[in-house]
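The values are calculated or read from the model by the stated rules, or taken from the named source; none is laboratory data. Bear in mind that the values here come from a model prediction, so they are computed numbers and not experimental data. When we count neighbours, we look across all protein chains shown, and the Cβ atoms used for this are built from the backbone with ideal geometry, even at glycine. For the accessible areas, the whole protein counts, side chains as well, though only heavy atoms, and no ligand, DNA or RNA atoms are used. Shrake-Rupley method; radii C 1.70, N 1.55, O 1.52, S 1.80 Å.
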Amino acid sequence: MIEVYIDGASAGNPGPSGAGVFINNNGVVERHSIPLGNMENHEAEYHALIKALEICVANNYQIVSFRSDSQAINQAIEKRFAKNKYAILLERALKLSAELELFFMKWIPSLENKSADVLARRAIRLNKAEEIHEQDS
């Protein structure tokens, strides 16, 4: 089973955001820091979930166990329901998860999600660096 740790983070709410995806594929580790632009923290959490699912589908990973420290994400997946703008993001995530043979989602404390958190914060820095570069152009 492939373990996928996800985290979304924002520097401000809204503000520059990033997704962190840490994948342990039977001892082979993948690390992804994905700049997301400006958004709210909860929105970044959903985008981290979607990006991780896209990576799993693209790599044909079939049996995956996702871990997140976001109770909102875990509850939305469990209940298959989200309000407002998050409903569209949840729908996208559920469609992607349906492409997998087995998809599990588990809430974990923040202390157990440090790898994904570090990657999400790195993505924020990459996001900010891109903004600075665009301003210089």
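With contacts taken as Cα pairs under 8 Å at a separation of at least 6 residues, region 12-137 carries a relative contact order of 36 percent. Considering only Ile6, Val57, Asn41, whose Cα is most displaced toward the positive end of the charge dipole of region 1-67, charges sitting on Cβ of Lys, Arg (+1) and Asp, Glu (-1)? Of Ile6, Val57, Asn41, it is Val57.
Taking θ as phi - 60° and the Karplus parameters 6.51, -1.76 and 1.60, the scalar couplings of region 5-10 work out to 9, 10, 7, x, 8, 9 Hz in sequence order, x denoting glycine and proline.
Apolar share of the accessible surface for the chain: 50 percent from carbon plus sulfur atoms, 1.4 Å probe.
Considering only Ile63, Ile50, Ile124, the Gaussian network model of the chain with Cα springs below 10 Å gives its largest mean-square fluctuation to Ile63.
Can you give me the accessible area per residue for region 25-137, using a 1.4 Å probe, in Å²?
Counting only protein heavy atoms, the per-residue value for region 25-137 is 60 Å².
With the cut-off at under 15 Å, measuring from each backbone N in region 51-75 to a point 7 Å along the Cα-to-Cβ line of Asn13 picks out 70-73. Legend: helices of the chain (whole DSSP H runs) are marked when their alpha-carbon atoms reach 18 angstrom or more along the helix axis and their mean Kyte-Doolittle hydropathy is at least -1.0; marked are 41-58, 114-136. Taking Arg121, Arg31, Arg67 as the candidate residues, the one with maximal mean-square fluctuation in a Gaussian network model of the chain, Cα springs under 10 Å, is Arg31. Would you mind classifying region 36-85 by shape? Square roots of the alpha carbon gyration tensor eigenvalues, ordered a ≥ b ≥ c; an a/c under 1.5 is rounded, otherwise it is prolate if a/b is larger than b/c and oblate if not. Cα axes put region 36-85 in the oblate bin.
Bridges between two residues of the chain, per DSSP, are antiparallel at a rate of about 65%. When all alpha carbon pairs of region 58-121 are counted in 10 Å bins from zero, the resulting P(r) reads 20, 46, 34, 0 %. For the chain, a simple Cβ point-charge model (Lys and Arg +1, Asp and Glu -1, everything else neutral) yields a dipole of about 260 debye relative to the Cα centre.
If you take the Cα centroid of region 86-122 and the Cα centroid of region 5-47, the two points sit 9 Å apart.
Ratio to report: Rg/Rh of the chain, with Cα atoms as the point set and Rh obtained by the Kirkwood method; give two decimals. Before the final figure, lay out each step's value.
Values: Rg = 14.4 Å, Rh = 14.8 Å.
Reported Rg/Rh (Cα atoms, Kirkwood Rh): 0.97.
Less than 5 angstrom separates the built amide H of Met105 from those of Phe66, all sequence-distant by 5 or more or on a different chain.
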